[in-house]
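The values are calculated or read from the model by the stated rules, or taken from the named source; none is laboratory data. As the structure is a computational prediction, the values presented were derived from the model and not from experiment. Cβ coordinates were reconstructed from backbone atoms using ideal geometry, including for glycine residues, and neighbour counts include every protein chain displayed.
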Amino acid sequence: MKTIQSLHEQEPGALEVWFMTHPPTSERIETLTSELSILESEDPEPSKKEVMRNDFIRLLDGMAVGEYNGKELARGDRYYNKEFMLSIPIPAEWQSHINHKDYTAVFSDTRDKTYAIFNIEALQKKISTSDYFDKIISSLKRQKLKQYEDSKNPEKLSHGALSARFYGSGNQGPVDVHVAAFAREDRGYSIMKVSEGESSKSNSNIPGEMINGLTFLSQDEADKIEPPRMKVHEVKRGETWDSIALKYYKKSDEKIKLAEYKPGNDTQYREKEWEFSLFIQFPE
């Protein structure tokens with residue numbers, strides 16, 4: 001946690017979104033220190049045992065990193081779904097939420113309280129995109145949302161998708177809703193951006209951009225989708241920061257960043273663009 005706190009101070013841009021929705025690291029360190037003190041006072045024996053850090057770190061080799069549940073994967077700037085064999089772009093600096101109980105996936109920008117809800121719906125029978133879109137519009141209108149006049153002629157997007165904007169009031173005040181959807185075979189696909197406040201009408205066309213970037217995959221492509229995985233590197237005598245950086249990043253410039261992630265003389269953790277993770281384990 002102290003290492004994370006140090007990294008947060010050095011690279012606020014890279015970690016800012018994560019810490020917006022989590023307790024401050026200083027608070028976590030204080031809580032952990034207090035809990036450790038209580039545990040040691042109640043039972044001091046475990047704290048006297050040998051810390052087998054290297055053995056533990058070896059077990060991390062190959063562990064999946066990031067948002068992955070076997071069927072869905074959020075990696076870099078894309079979301080992948082192996083079950084429905086597709087991928088869609090994720091807006092820059094947005095968070096991904098898979099395993100959602102109500103929708104296929106949800107993406108969020110907590111900086112301005114904006115959410116993009118991606119949903120794949122099984123249809124009872126094949127219907128046209130126009131009929132499916134009308135069904136969504138009717139549902140929004142039943143929720144007392146009003147359609148912007150300039151969006152009553154739906155914008156046409158990739159996959160024949162249609163798009164429209166709505167406004168109204170939610171539990172927290174004014175909301176702006178932008179939806180894009182299409183029907184394909186026996187499924188309906190929709191992306192709905194929900195923003196709190198009235199200024200979001202001028203925001204970029206997130207649903208349209210995501211629909212335009214939606215790509216259907218072949219079975220072979222879907223089968224090959226795998227998450228990034230931890231890599232444990234045991235340092236050998238004679239290796240240097242330069243040689244290690246060249247091995248994994250193809251250039252020695254990365255050695256400074258690697259060194260910054262070094263919490264002590266035992267291990268080092270490096271995550272590059274949230275896609276590649278490296279643990280470096282130092283010999284005993």
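Picking from residues in the stretch 231-281 that are aliphatic (A, V, I, L, M) and not in a helix (DSSP H, G or I), the one that is modelled with the lowest pLDDT is L278. Going by the conditions given, is L60 surrounded by 12 or more Cβ atoms within 10 Å (Cβ to Cβ) and touching a Pro at 6+ places or on another chain (Cβ under 6 Å)? Criteria not met by L60.
Give me the pairs: first residue in the stretch 83-104 and of a type in the set (S, T, Y), second residue not in a strand (DSSP E or B), beta-carbon distance under 8 Å, and six or more apart or on different chains, which are they? Filtered contacts from the stretch 83-104: S87/L214; S87/L217; S96/I90; T104/F84. Close Cβ contacts (under 6 Å, 6 or more residues apart or on different chains) running from residues in the stretch 235-250 that are in the same structural domain as R58 (by TED's automatic domain parsing) to residues that are of a type in the set (S, T, N, Q) comprise D242/S252; A245/S252; L246/S252. Considering K125, K48, K101, the condition of being surrounded by fewer than 13 Cβ atoms within 10 Å (Cβ to Cβ) and either within 18 Å of R184 (Cβ to Cβ) or of a type in the set (G, A, S) (or both) is satisfied by K125 alone. Within the stretch 57-73, track down each residue that is more than 11 Å from V232 (Cα to Cα) and either touching a helix residue (DSSP H, G or I) at 6+ places or on another chain (Cβ under 9 Å) or not hydroxyl-bearing (S, T, Y) (or both). Matches in the stretch 57-73: A64, V65, G66, E67, N69, G70, K71, E72, L73. Restricting attention to the stretch 130-168, the residues being in a helix (DSSP H, G or I) and closer than 22 Å to D102 by Cα number 11.
When you check D109 against the structure, is it modelled with pLDDT under 95 and within 25 Å of K71 (Cβ to Cβ), yes or no?
Spelling it out, D109 is indeed modelled with pLDDT under 95 and within 25 Å of K71 (Cβ to Cβ).
State whether the residues of the stretch 116-130 include one that is touching a residue at least 24 places away in the same chain (Cβ under 8 Å), among the aromatic types (F, W, Y) and either under 30 Å from M230 (Cβ atoms) or not assigned by TED's automatic domain parsing to the domain that holds F182 (or both). Checked the stretch 116-130: at least one residue is touching a residue at least 24 places away in the same chain (Cβ under 8 Å), among the aromatic types (F, W, Y) and either under 30 Å from M230 (Cβ atoms) or not assigned by TED's automatic domain parsing to the domain that holds F182 (or both). For the stretch 200-219, the condition holds for at least one residue, the condition being that it is part of a strand (DSSP E or B), in contact with a Leu (Cβ under 7 Å, 6 or more places away or on another chain), surrounded by fewer than 18 Cβ atoms within 10 Å (Cβ to Cβ) and of a type outside the set (A, V, I, L, M, F, W, C). Give the residues of the stretch 107-155 that are out of contact with any Leu (no Cβ under 9 Å at 6 or more places or on another chain) and among the polar types (S, T, N, Q), sorted by residue number. Result: S108, T110, T114, N119, Q124, S128, S138, S139, Q143, S151, N153. Note on the stretch 28-80: among residues that are small (G, A, S) and in a helix (DSSP H, G or I), the one that is farthest from K231 (Cα to Cα) is S41. The sole residue among S163, S195, S190, S158 that is surrounded by 13 or more Cβ atoms within 10 Å (Cβ to Cβ) and over 23 Å from D112 (Cβ atoms) is S158. Taken together, the residues in the stretch 37-74 that are touching a strand residue (DSSP E or B) at 6+ places or on another chain (Cβ under 8 Å) and within 30 Å of F118 (Cβ to Cβ) amount to 11.
Sort through A180, A161 and tell me the only one that's touching a Lys or Arg at 6+ places or on another chain (Cβ under 9 Å) and modelled with pLDDT of 90 or more.
A180
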